[in-house]
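Here, each number is a calculation from the coordinates, and none is a lab measurement. As the structure is a prediction and not an experimental result, all values here were calculated from the model. Note: ideal-geometry Cβ built from the backbone for every residue, glycine included; neighbour counts use all protein chains shown.
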Amino acid sequence: MRIEASGVGSPASAKRGQRANSSSNITRASRRASDAPRHRCSPKPNAIEEMLRVVSPVRNFARVATEDTLLRGKRIRAGDMLVFFYGSANRDEEVFGADSDAFEVTRASARRQIAFGFGEHLCLGASLARLEARVMFEELFARWPRFALAGEPTQLPSILMNGLVHMPVVLGP
Ligand code: HEM
């Protein structure tokens, strides 16, 4: 069976962002057929962390510096606005290694990803989002174990969210 997943609300909609993120994670999972037996049925927590790391569903957030500081030799003054790119941080080669751009479900450092941010504004929904991702893949692969990508997905045109708006898949024979 072949289906097309598309049309998930307006670009500004948070709901769209969340659905698009799930699609994006599904894409990562479906692309790596060789990894599938290792995380189908019940994805290992590490696989979810690696999806969050590679996808980095939230692309960026801005912060305003509250005091003068130096960051790797770069002078930052109080009041400066800084943009933080989650996808870039989640590919930091000093943390994730030289192959940081690759999706690897067994990556030991996957848990160091910061797709939910960090510090006092760490995402309040992180635990729920992890649970949702696990249950979604459990149900998906329990019902359609041969689920696979069937074409190129279409990226969500957004500078804030990294997700998909359209993804052709094959559910099974
Ligand atoms: C894959 C799904 C999700 C991702 C990648 C994500 C990511 C993020 C990020 C990057 C931040 C900003 C952290 C910072 O400013 O340092 C954030 C904040 C937040 N998120 Fe999420 N989020 C997700 C799902 C959810 C869900 C399901 C909920 C609620 C049910 C939620 C509620 C919140 C709230 C309330 C904040 C603001 C926390 C604060 O400013 O103190 N998120 N999230």
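Some observations on this one:
- Cα shape, the range 57-173, gyration tensor, a/c 1.5 rule: prolate
- For the range 101-112, Karplus couplings with θ = phi - 60° (6.51, -1.76, 1.60), whole Hz, Gly/Pro x: 7, 8, 8, 9, 4, 9, 4, 5, 8, 4, 5, 8
- Burial ranking of peptide ranges 79-87, 157-165 (average Cβ count within 10 Å, highest at the top): 157-165, 79-87
- Compared with the direct C-alpha span, the chain from Ala98 to Arg63 gains 9.8 nm at full extension, assuming 0.36 nm per residue.
- Relative contact order of the range 82-129, taken over Cα pairs closer than 8 Å and 6 or more residues apart, is 32 percent.
- Proximity of backbone amide H atoms, modeled 1.01 Å from N, is registered between Asn60 and Tyr86 at under 5 Å, excluding neighbours fewer than 5 places apart on the same chain.
- Each residue of the range 45-52 was assigned a 3J(HN,Hα) from its phi angle through the Karplus curve 6.51 cos²θ - 1.76 cosθ + 1.60 (θ = phi - 60°); the sequence is x, 5, 5, 5, 4, 5, 4, 4 Hz, with glycine and proline shown as x.
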